[in-house]
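**Student:** Sharing a structure with you now.
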């Protein structure tokens, strides 16, 4: 984000401009939980639509938060992974998870990460 695109120089406002929409943090959550492929993200219980998912993955890649690599001989089949910049949001997601557990009744954590996978992120 360029300086002229900012609403202000407030770090909270600038961060929300990057990741504060309805879906971006949920896509990041799923990456921390071990999801790597498009169809896995679509399987999340929140029900993200295909056009929104494609847009969020593209945005996250443009921001340098994720990277994509082909996982088969089909050139359009990609898997996604967090970059160091994306992994740096782990403590933020854990804090949001913990706040939700403490303050939103009926919330619970679940674990989807394959055994042995450690991305320093939340167990949302």
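**Student:** Normalising by the residue count of the chain, find the relative contact order in percent from Cα pairs under 8 Å and 6+ residues apart.
**Tutor:** Numbers: 126 pairs, mean separation 32.9, N = 124.
Relative contact order, the chain: 27 percent.
**Student:** Moving on. Can you sort 102, 30 so the residue with the fewest Cβ neighbours within 10 Å comes first? Show your work: numbers first, answer last.
**Tutor:** Details: 102 8, 30 20.
So the ranking, lowest neighbour count to highest, is 102, 30.
**Student:** May I ask you to sort 77, 56, 7 by Cβ crowding, counting other Cβ atoms within 10 Å and putting the fewest first? All intermediate terms of the calculation are to be shown ahead of the outcome.
**Tutor:** Values: 77 12, 56 22, 7 9.
Ranking 77, 56, 7 by Cβ neighbours within 10 Å, fewest first, gives 7, 77, 56.
**Student:** OK, next. Extending each Cα 7 Å along its Cβ direction at residue 92 and residue 40, get the distance between those two points in nm, one decimal.
**Tutor:** Between residue 92 and residue 40, the label points sit 2.2 nm apart.
**Student:** For each of 28, 93, count neighbouring Cβ atoms within 10 Å of the residue's Cβ, then give the residues from fewest to most.
**Tutor:** Working: 28 25, 93 21.
If I rank by nearby Cβ atoms, fewest first, I get 93, 28.
**Student:** Separate question: Just how far, in whole angstrom, is the range 18-42 from the range 45-88 if you go by their alpha carbon centroids?
**Tutor:** Distance between centres, Cα-based: 8 Å.
**Student:** Among (i) 0.97; (ii) 1.09; (iii) 1.05, only one was calculated for this model; which label is it, if the read-out is Rg/Rh (Cα atoms, Kirkwood Rh)?
**Tutor:** Here the calculated entry is (i).
Only the coordinates and a few stated rules stand behind these numbers; no lab work does. Bear in mind the structure is a predicted one, so any value in this text is a computation, not a measurement. Every residue, glycine among them, receives a Cβ derived from its backbone with ideal geometry; neighbour counts consider all protein chains shown.
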